[in-house]
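Here is the structure we will look at, set down as structure tokens.
The values are calculated or read from the model by the stated rules, or taken from the named source; none is laboratory data. Fair warning: this is a prediction, and the values are worked out from it, not measured in the lab. Cβ atoms come from the backbone with ideal geometry, glycine included; neighbour counts cover every protein chain shown.
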Amino acid sequence: MTRRISKGHQRVDMVKIKNARNLGVTFSKRRAGLFKKACELCTLCGAEIAIVMFSPDGKVFSFGHPSVDTLVERFLGRNLPPPNNDFHNQQIVALREAGIRELNTKLMNLEGVLQMEKNRGESLREIRKRADGVWWESPMEELNLFQLQHLKKALEILKQMVEKEAQMVNNNAFPFQTLGSAWTPHNCAS
């Protein structure tokens, strides 16, 4: 009988496993070990634990004591037990209040954006109503900031179009240039 020689317990480098078969085996063994340790922690200390994990294949595995659903609902604050001086409950309440503050901040920002867009829409309606669409013929003093910005942008676009047109005219083969009031060919010395 020959005895098999093993390398003993070896340290495993913490890098992603590339071989799909080895990855599946490692995931399965480590998942079982994690669930076993969680179960022991619940039994020894009376801790309430919920673990939800997704395998590389996309399958869902969970462990919960008393149950995953109960603990998730409690964590999200939907079925929060009445607060007492327990540190754990204080953490849950603090997380819930932080979430509410963050949502309120986002809501206020969105309300501000909504009000700006309403003001912009009102300004556009006013533009259309004024002078049957020729609001730019109104006195400058009557234009609001949005209308002035719109006018500035329209003028910049118009300036670019005029410059483009002027460049096209200059690039055409017009053999004469002006010199005083007379027309002279380009190749003549001035």
task: Would you check if there is a residue in the range 85-102 being at pLDDT 85 or above and surrounded by 11 or more Cβ atoms within 10 Å (Cβ to Cβ)?
output: yes
statement: Residue count, the range 34-83, condition over 30 Å from A20 (Cβ atoms), among the acidic types (D, E) and out of contact with any Cys (no Cβ under 8 Å at 6 or more places or on another chain), comes to 3
- request: Would you mention how many residues in the range 1-53 are under 15 Å from V68 (Cβ atoms) and surrounded by 13 or more Cβ atoms within 10 Å (Cβ to Cβ)?
  value: 11
query: Quick check, is K106 in a helix (DSSP H, G or I), modelled with pLDDT of 80 or more and not small (G, A, S)?
result: yes
